[in-house]
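Asks: Provided herewith is a single structure, encoded as structure tokens, for subsequent inquiry.
Bear in mind that the values in this text are calculations on the coordinates, not laboratory data. Keep in mind the model is a prediction, meaning the values are calculated, not measured. Using ideal geometry, Cβ is built from the backbone for each residue, glycine included, and neighbour counts are taken over all protein chains shown.
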Amino acid sequence: MSDSSSFFLPRGFRFAAGKAGLKASGNNDFALIVADRPASAAAEFTSNRVVAAPVIVDREHLTASAGRVRVVAINAGNANCAAGQAGLDAARATCAAAAALFDCPAEQVFPSSTGVIGQPLPAEKLIAVMPALASELGAEIDDLHKVTCAIMTTDTVEKTASVQIELPQPDGSARTVRIAAFGKGAGMIHPQLVPHATMLVYLLTDAEIEPDVLRGYLHPAIERSFNRISVDGDTSTNDTVLLLASGASGAKIEAGNAAFAEALRTVATSLARQIVADGEGISHVVELRITGATSDADALRVAKAIAHSPLVKTAWAGCDPNWGRLACAIGYSGVAIDPDLFDISFGALPICRNGGRAADYDEQAAHDYIAQREFTVSIDLHQGSGSCTFWTTDLTHGYITINADYTT
């Protein structure tokens, strides 16, 4: 967590975390975000058809509240998914208890869960500790720090980002707006969010933005950040990105504010890259730059074919510059290509030109380059102007170790 001199915490929110007894480690596993007054809200969720109970409840509540959230209740250690009616009852009981404690409608409570799928959530444990958390709410960096730690599962580091910008107002004045993000995610990371272990992300701003306008800012930010990352190709049942606007800065933002949109995208991209960098067992972070596709959508399909290939990912794990595996993935990606045209580069190193080995290919230099923890693979398909940037990882024995005995 950054210190207060470098982290810009939006005004209008308070935070607390504690132990409900869900994590076997005994660490904090339940957290609250409480808005001083109902905040404008926009959210996008997993496209997985097996959906966790809190996601179902969140969708219902955002509709019923017309996009207003007062309390976010997040538990780790139990996904509250595939638990049938008992799971829904647990999520709703948690919301009812929070609503009573903070004197708001239950529809203004937003539950989130992460952890093991298929186990009943003991809502009574969350409800029992909630009053203590309410008494400890604070609006300092240390308070947010406790929340970011409490929601971690297989994460090894906290993930936070923030920006502060000055925005002109209609009366000619300027007001300071802060945007901050925090979240968790290290495995089961291939979010496919639609306006539409798990990725949970919370974006907070103290700008004043109506819910329908807020939704217009969230989706483009997600498309260029969280929908451009993959660790293992698995899309969780609980993936959630929530954007809250408290209005505490007094800076009113309408649709089409380019400065706010860019700031939001910057924070979201930072957090997305941090999630990839903390991927389970990884030893390499790879930035894929795809250009020359017939469309941006085709460029993304090529990136995903590469990012999800076990052959490619294991080659990266061994620092093996086996570019033939990349060529193979390009070929089966399903997009229009000419096999005699595409180029591949590792950083500035020419690897493949016109569909074949580059004349000045240097295997040792290629090996040394991808031995770095972070490196870039650029692919030009020479088919059009479509492009995308995508972040992914290698696949190591460490990933297998973590996930082979996750529940045992």
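Asks: Run the paramagnetic zone check for Gln169: 7 angstrom along Cα to Cβ, then residues of the stretch 241-274 with backbone nitrogen under 14 Å.
Replies: Taking a point 7 Å out along Cα→Cβ of Gln169, the residues of the stretch 241-274 whose backbone N falls under 14 Å are 247-254.
Asks: If we sort 334-342, 202-210, 165-173 on the protection proxy, mean other Cβ atoms within 10 Å, highest first, what's the order? Don't jump to the answer; show the numbers that get you there.
Replies: Numbers: 334-342: 14.7, 202-210: 26.1, 165-173: 11.1.
With the highest mean Cβ count within 10 Å placed first, the list reads 202-210, 334-342, 165-173.
Asks: Measuring from label point to label point, each 7 Å out along Cα→Cβ, what is the Asp368 to Arg224 span in nm?
Replies: 3.6 nm
Asks: Shifting gears a bit: Using per-residue counts of other Cβ atoms within 10 Å, averaged over each peptide, order 283-290, 108-115 from highest down.
Replies: Top of the packing list down: 108-115, 283-290.
Asks: Helix-only mean residue ellipticity at 222 nm, the chain, DSSP H runs n ≥ 4 weighted -39,500 (n - 2.57), per residue, nearest 500. What is it?
Replies: Numbers: 11 runs with 133 residues, N = 408.
So the calculated ellipticity at 222 nm is -10000 deg cm²/dmol.
Asks: Sorted by average packing, counted as other Cβ atoms within 10 angstrom per residue and highest first, what order do 250-257, 20-27 take? Could you put the intermediate results ahead of the total?
Replies: Details: 250-257: 16.6, 20-27: 15.1.
The packing order, highest mean first, is 250-257, 20-27.
Asks: Follow-up question, since we're still on this one. Tell me which lysines have Cα within less than 25 Å of Lys184's Cα, excluding those fewer than 8 residues away on the same chain?
Replies: Within reach: Lys19, Lys23, Lys125, Lys146, Lys159, Lys304, Lys313.
Asks: Suppose we keep just the DSSP beta bridges with both residues in the chain; what percent of those would be antiparallel, to 5?
Replies: Working: 54 of 75 bridges.
If we restrict to bridges inside the chain, about 70 percent are antiparallel.
Asks: At a threshold of 8 angstrom on Cα-Cα distance, excluding pairs fewer than six apart, so keeping six or more, what relative contact order does the stretch 331-408 reach in percent? Show your work: numbers first, answer last.
Replies: Numbers: 74 pairs, mean separation 21.1, N = 78.
Taking the mean separation of contacting Cα pairs over the length of the stretch 331-408, I get 27 percent.
Asks: Specify which labelled value, from (i) 0.98; (ii) 1.18; (iii) 1.02, agrees with Cα Rg over 2.2 N^0.38 Å derived from the coordinates of the model shown.
Replies: Looking at Cα Rg over 2.2 N^0.38 Å for this model, the match is (iii).
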